[in-house]
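Report on the structure given below.
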Amino acid sequence: MGVSSAGKFAFKRRDELDALIDGFEQDLLTRFDELVAYCNGYADTILSVTGADDDEYVVNRINAILRERGLLSEPPGRPTT
(Lines give C-alpha, C1' and ligand atoms only; values in the text may rest on other atoms or scores of the structure.)
Protein backbone atom coordinates (compact mmCIF):
# COMPACT_ATOMS: atom_id res chain seq x y z
CA MET A 1 0.00 0.00 0.00
CA GLY A 2 1.21 3.52 -0.77
CA VAL A 3 2.38 5.90 1.90
CA SER A 4 0.91 9.39 2.17
CA SER A 5 3.29 12.20 1.34
CA ALA A 6 1.09 14.85 2.99
CA GLY A 7 3.62 15.55 5.72
CA LYS A 8 6.50 15.72 3.25
CA PHE A 9 5.02 18.42 1.02
CA ALA A 10 5.32 22.12 1.90
CA PHE A 11 2.48 24.28 0.65
CA LYS A 12 3.23 27.74 -0.73
CA ARG A 13 2.91 30.80 1.51
CA ARG A 14 0.43 33.50 0.56
CA ASP A 15 3.16 35.81 -0.83
CA GLU A 16 4.46 32.94 -2.97
CA LEU A 17 0.93 32.24 -4.20
CA ASP A 18 0.53 35.93 -5.02
CA ALA A 19 3.75 35.81 -7.05
CA LEU A 20 2.48 32.76 -8.95
CA ILE A 21 -0.86 34.45 -9.63
CA ASP A 22 0.89 37.66 -10.75
CA GLY A 23 2.93 35.58 -13.20
CA PHE A 24 -0.26 33.94 -14.45
CA GLU A 25 -1.86 37.34 -14.98
CA GLN A 26 1.17 38.68 -16.87
CA ASP A 27 1.29 35.58 -19.07
CA LEU A 28 -2.43 35.89 -19.76
CA LEU A 29 -2.07 39.55 -20.75
CA THR A 30 0.82 38.73 -23.08
CA ARG A 31 -1.06 35.86 -24.68
CA PHE A 32 -4.19 37.97 -25.02
CA ASP A 33 -2.23 40.76 -26.72
CA GLU A 34 -0.75 38.15 -29.10
CA LEU A 35 -4.25 36.78 -29.81
CA VAL A 36 -5.59 40.26 -30.55
CA ALA A 37 -2.70 40.94 -32.94
CA TYR A 38 -3.28 37.57 -34.63
CA CYS A 39 -7.03 38.18 -35.00
CA ASN A 40 -6.47 41.70 -36.33
CA GLY A 41 -3.98 40.41 -38.89
CA TYR A 42 -6.29 37.60 -39.96
CA ALA A 43 -9.25 40.00 -40.26
CA ASP A 44 -7.11 42.43 -42.28
CA THR A 45 -6.16 39.61 -44.63
CA ILE A 46 -9.82 38.78 -45.21
CA LEU A 47 -10.74 42.44 -45.63
CA SER A 48 -7.93 42.90 -48.17
CA VAL A 49 -9.82 40.64 -50.58
CA THR A 50 -13.27 42.07 -49.82
CA GLY A 51 -15.13 44.35 -52.16
CA ALA A 52 -16.47 47.63 -50.79
CA ASP A 53 -20.02 46.24 -50.89
CA ASP A 54 -19.02 43.39 -48.59
CA ASP A 55 -16.86 45.28 -46.06
CA GLU A 56 -19.67 45.82 -43.55
CA TYR A 57 -20.88 42.22 -43.98
CA VAL A 58 -17.41 40.81 -43.30
CA VAL A 59 -16.77 43.09 -40.32
CA ASN A 60 -20.15 42.17 -38.82
CA ARG A 61 -19.49 38.42 -39.26
CA ILE A 62 -16.01 38.65 -37.73
CA ASN A 63 -17.28 40.76 -34.83
CA ALA A 64 -20.12 38.30 -34.21
CA ILE A 65 -17.63 35.41 -34.04
CA LEU A 66 -15.41 37.32 -31.60
CA ARG A 67 -18.41 38.41 -29.52
CA GLU A 68 -19.76 34.84 -29.29
CA ARG A 69 -16.44 33.73 -27.85
CA GLY A 70 -16.20 36.62 -25.39
CA LEU A 71 -13.33 38.30 -27.23
CA LEU A 72 -15.24 41.44 -28.21
CA SER A 73 -17.54 43.48 -26.04
CA GLU A 74 -20.35 45.70 -27.18
CA PRO A 75 -19.50 49.37 -27.72
CA PRO A 76 -20.75 51.73 -25.00
CA GLY A 77 -24.41 52.67 -25.35
CA ARG A 78 -25.25 49.64 -27.41
CA PRO A 79 -27.38 46.91 -25.82
CA THR A 80 -26.08 43.35 -25.73
CA THR A 81 -28.22 40.61 -27.22
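Taking (1) polar (S, T, N, Q); (2) within 20 Å of the chain's Cα centre (by Cα); (3) modelled with pLDDT of 90 or more; (4) assigned to a loop (DSSP other than H, G, I, E, B) in turn, THR50 satisfies each apart from (2). Kindly provide the set of residues from the range 1-28 that are basic (Lys, Arg) and surrounded by fewer than 10 Cβ atoms within 10 Å (Cβ to Cβ), ordered by number. Result: LYS8, ARG13, ARG14. Of note, ARG31 satisfies the criterion of being under 13 Å from the mean Cα position of the chain (by Cα), loosely packed, with under 11 Cβ neighbours inside 10 Å and assigned to a helix (DSSP H, G or I).
A search for C-beta distances below 8 Å between a residue of the range 58-76 that is modelled with pLDDT under 95 and any residue that is open to solvent by 80 Å² or more (accessible area, probe 1.4 Å), counting only pairs 6+ apart in sequence or on different chains, returns ARG67/SER73; GLU74/THR80.
The values are calculated or read from the model by the stated rules, or taken from the named source; none is laboratory data. Values in this document were obtained by computation on a predicted structure and should not be read as measured data. So basically every Cβ, Gly included, is an ideal-geometry build from the backbone, and we count neighbours across all protein chains shown. Just so you know, the surface numbers come from the protein's heavy atoms only, side chains and all, with ligands and any DNA or RNA stripped out. Shrake-Rupley method; radii C 1.70, N 1.55, O 1.52, S 1.80 Å.
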